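Below is one structure, written out as structure tokens; the observations come after it.
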Amino acid sequence: MARIAGVNIPTQKRVNIALQYIHGIGEKFAQEICTKVNIPAERRVSQLTDAEVLQIREAIDRDYTVEGDLRRETAMNIKRLMDLGCYRGLRHRRKLPVRGQRTRTNARTRKGKAVAIAGKKKVTK
């Protein structure tokens, strides 16, 4: 099993698919890395030599922000917004949707499970 950027990538998948298991590398960056290191798209991770794995590892370290550094950077950006007290920071602080979505209905992913209000009765007609 190859270990790149602190992540064990699956050995039976194609290289450009397996690289996407690393946080911060999507389809586009995975293709880019494969072309930089001259690895054909149909190669499997199990077929890579140690030198090729080393080249991939060096290319990622040199050109991309991934895993822990990327997560830390994102967290710091959110913390900065919260410390500034700007509108987006306030929305993050209250755990509400940040990008203008409605909250009267449909904000369950961000707000969490609905909590029943004690003493409220349904109005019947």
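With q set to 0.15, 0.17, 0.20, 0.21 Å⁻¹, the log10 of I(q)/I(0) for the chain, from the Debye formula over equal scatterers at the Cα positions, is -0.80, -0.88, -1.02, -1.08.
Here the dipole of the range 21-109 is about 1200 debye; that uses its Cα centre as origin and unit charges on the Cβ of Lys and Arg (positive) and Asp and Glu (negative).
Note on the chain: dipole from Cβ charges, positive end direction compared against Pro40, Ile78, Gly68; the farthest Cα belongs to Ile78. Against the criterion of solvent-accessible heavy-atom surface with a 1.4 angstrom probe, Tyr87, Tyr21 sort, most first, into Tyr87, Tyr21. The listed peptides 105-113, 7-15, ordered by packing as a protection proxy, come out as 7-15, 105-113 (highest mean of other Cβ atoms within 10 Å first). Would you work out what percent of the accessible area of the chain, with all protein chains in place, is carbon or sulfur (probe 1.4 Å)? The C+S portion of the solvent-accessible surface of the chain is 50 percent. Per residue, the range 38-109 exposes 77 Å² of solvent-accessible protein surface, assessed with a 1.4 angstrom probe and all protein chains in place.
For Lys36, the aspartates and glutamates whose Cα comes closer than 12 Å to its Cα, not counting residues fewer than 8 places off in the same chain, are Glu52, Glu58, Asp63.
Scalar couplings 3J(HN,Hα) for the range 108-119, obtained by applying the Karplus form with A = 6.51, B = -1.76, C = 1.60 to θ = phi - 60°, are 5, 4, 7, 7, x, 5, 5, 10, 6, 9, 5, x Hz; x denotes Gly and Pro. Under 18 Å of direct C-alpha separation, and excluding same-chain neighbours fewer than eight residues apart, Lys111 reaches these lysines: Lys95. Computed from the C-beta positions of Thr49 and Ala107 and an R0 of 41 Å, the FRET efficiency is 0.25 to the nearest 0.05. Once you reduce the range 14-33 and the range 68-109 to the center of their Cα atoms, the two points are 27 Å from each other. Note on surface exposure: Met82, Met76 rank Met76, Met82 by accessible area, highest first, 1.4 Å probe. Solvent-accessible area of Leu70, all protein chains in place: 40 Å² (probe radius 1.4 Å, heavy atoms, ligands and nucleic acids excluded).
The values are calculated or read from the model by the stated rules, or taken from the named source; none is laboratory data. All of these numbers come straight from a predicted model, not from anything done at the bench. Because the Cβ atoms are built from the backbone with ideal geometry, glycine has one as well, and the counts that use them run over all protein chains shown. All accessible areas refer to the heavy atoms of the entire protein, side chains included, with ligands and DNA or RNA removed. Shrake-Rupley method; radii C 1.70, N 1.55, O 1.52, S 1.80 Å.
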